[in-house]
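**Student:** Structure incoming, see below.
The values are calculated or read from the model by the stated rules, or taken from the named source; none is laboratory data. As the structure is a prediction and not an experimental result, all values here were calculated from the model. Note: ideal-geometry Cβ built from the backbone for every residue, glycine included; neighbour counts use all protein chains shown.
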Amino acid sequence: MSDDPFVTVAIAYSQPQALVLLSLFAWHDIPAYARNLQHARTDCPVTLALGGIPIRVLSDCAGAARALLVEAAEREDERPAPAPLAWRIVKTLALGMVGATPPPRIAASIVR
């Protein structure tokens, strides 16, 4: 058996995905790190060759980390509630007014 106190709970294939997972674990006070993240920062195609970016957490917190990942996967397809119709109309009118203003006159400046 290895003396490594960390276990792999997820494998990310992009740097932003790995950083979001690390942020999620940091928010919930779960010690975690991403192995091979520096390789992904310097040479992205190497990430696939290395088998992705393993996200490793402390073995004592592995159960909580996996539960967070399951919850995040279940909520992935949730969409926010649409804005009320009145608010969408106000935004459209405001943008229309801004878009209807003529551009400023840009004339040549004479420097003396």
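**Student:** Which one of these is polar (S, T, N, Q), within 17 Å of the chain's Cα centre (by Cα) and within 15 Å of Val9 (Cα to Cα): Ser59, Ser23?
**Tutor:** On the way: Ser59 fails: within 17 Å of the chain's Cα centre (by Cα).
Testing whether each residue is polar (S, T, N, Q), within 17 Å of the chain's Cα centre (by Cα) and within 15 Å of Val9 (Cα to Cα) leaves just Ser23.
**Student:** Separate question: Can you find even one residue in the stretch 36-45 that is surrounded by 12 or more Cβ atoms within 10 Å (Cβ to Cβ) and either touching a residue at least 40 places away in the same chain (Cβ under 8 Å) or not in a helix (DSSP H, G or I) (or both)?
**Tutor:** Yes, because at least one residue in the stretch 36-45 is surrounded by 12 or more Cβ atoms within 10 Å (Cβ to Cβ) and either touching a residue at least 40 places away in the same chain (Cβ under 8 Å) or not in a helix (DSSP H, G or I) (or both).
**Student:** Please work out which residue is surrounded by the most Cβ atoms within 10 Å (Cβ to Cβ), limiting yourself to the stretch 46-60 and to residues that are in contact with a His (Cβ under 9 Å, 6 or more places away or on another chain) and within 22 Å of Asp4 (Cα to Cα).
**Tutor:** Out of the qualifying residues, it is Ile53.
**Student:** Can Pro31 be described as more than 18 Å from the chain's Cα centre (by Cα) and within 30 Å of Pro5 (Cα to Cα)? Quick ask: steps written out before the conclusion?
**Tutor:** Details: more than 18 Å from the chain's Cα centre (by Cα): yes; within 30 Å of Pro5 (Cα to Cα): yes.
When the stated conditions are applied, Pro31 passes them.
**Student:** Sort out which residues of the stretch 84-99 are at pLDDT 80 or above and not β-branched (Val, Ile, Thr), and write them in order of number.
**Tutor:** Within the stretch 84-99, the subset at pLDDT 80 or above is 84-97.
Hits for the stretch 84-99 are Pro84, Leu85, Ala86, Trp87, Arg88, Lys91, Leu93, Ala94, Leu95, Gly96, Met97.
Quick grid of which residues meet (1) of a type in the set (Val, Ile, Thr); (2) out of contact with any helix residue (DSSP H, G or I) (no Cβ under 7 Å at 6 or more places or on another chain); (3) assigned to a loop (DSSP other than H, G, I, E, B); (4) on the phi < 0 side of the Ramachandran plot:
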residue: Tyr33; (1), (2), (3), (4): no, yes, no, yes
residue: Ile55; (1), (2), (3), (4): yes, no, no, yes
residue: Asp60; (1), (2), (3), (4): no, yes, no, yes
residue: Glu78; (1), (2), (3), (4): no, yes, yes, yes
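**Student:** From Ala100, Ala73, Ala94, which residue is more than 18 Å from His28 (Cα to Cα), loosely packed, with under 10 Cβ neighbours inside 10 Å and among the aliphatic types (A, V, I, L, M)?
**Tutor:** Ala100
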